[in-house]
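Below is one structure; the comments refer to it alone.
The numbers here are math on the coordinates, done by the rules we state, and not lab data. Remember, predicted model here, so these are calculated numbers, not experimental data. Quick reminder, even Gly has a Cβ in these numbers, built from the backbone with ideal geometry, and neighbours come from all protein chains shown.
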Amino acid sequence: MNRGLAKAIVLLPVPVLIIVPAIILILSRGTIVSPDVQVPTQVTFWVAVDFLTAGIFLAAWSARVIVAVGEGTPAPWEPTRKLVIAGPYRYVRNPIITGVLLILIGETILWNTWALFLWAVVFFVANLIYFPVVEENGLEQRFGEEYLAYKAHVPRWIPRLQSWDGKRTTP
């Protein structure tokens, strides 16, 4: 694993997926948003595991594609040198964030608490603001028309049913 990717993992997903949820669970215990953390039922446990597994797979696959194809990392301080339109990026522009949201939903189901659901909403809203204002502007400046075509054909959050090959002009 390269140093930039290791730094990106420690500084981005670890706080979002582990540190903040742990603090929320500790601080919200016994409050209206989290009266008591309960042991999940067998059904909720397996539903949570499905969300967690899908999210981990999608985020890890996406990060791997960024490193291999884009020659960079998912982190803004070490961005890709090439526009990535491969793997999950053929279906959705932000598959790492989609994966992280699946993980946060899995954590919410597992711990059965509104407090973690509220954290997932805050995280999503922050990204609704960050991506169009910061990330996409930077990608437009770095990759120009190539990114604009990609942006026109591949949705930001909800995956396409068919992959986009970078050549078709119809959405």
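Using only the Cα atoms of the range 83-145, what semi-axes does the equivalent ellipsoid have when each is the square root of 5 times a gyration tensor eigenvalue? Give whole Å, largest first.
So the three semi-axes of the range 83-145 are 28, 15, 5 Å.
Please give the contour-minus-distance gain from A60 to S163: 0.36 nm per residue of separation, less the Cα-Cα distance, rounded to one decimal in nm.
So the chain would gain 35.2 nm between A60 and S163.
In the chain, once you exclude exposed trypsin sites (Lys or Arg not before Pro) (DSSP loop, at most 15 other Cβ within 10 angstrom), what's the longest stretch remaining?
Result, exposed sites excluded: 83-159.
For the chain, with only Lys/Arg (+1) and Asp/Glu (-1) charged at the beta-carbon, what is the dipole magnitude about the Cα centre, in debye rounded to 20?
I would put it at about 340 debye.
Please state the equivalent ellipsoid semi-axes for the chain: what are the square roots of 5 times the Cα gyration tensor eigenvalues, largest first, in whole Å?
Those come to 32, 17, 15 Å.
I need the phi-derived Karplus couplings for the range 113-118: 6.51 cos²θ - 1.76 cosθ + 1.60, θ = phi - 60°, integer Hz, Gly and Pro marked x.
For the range 113-118, the Karplus curve yields 9, 5, 4, 6, 4, 4 Hz.
Between V43 and I129, what FRET efficiency comes out of the Förster formula 1/(1 + (r/R0)^6) with R0 = 41 Å and r the beta carbon distance, rounded to 0.05?
The computed FRET efficiency comes out at 0.70.
Explain nothing, just compute: Karplus ³J(HN,Hα) = 6.51 cos²θ - 1.76 cosθ + 1.60, θ = phi - 60°, for every residue of the range 89-94 in order, whole Hz, x for Gly and Pro.
Those phi angles translate into 6, 7, 10, 8, 6, 10 Hz.
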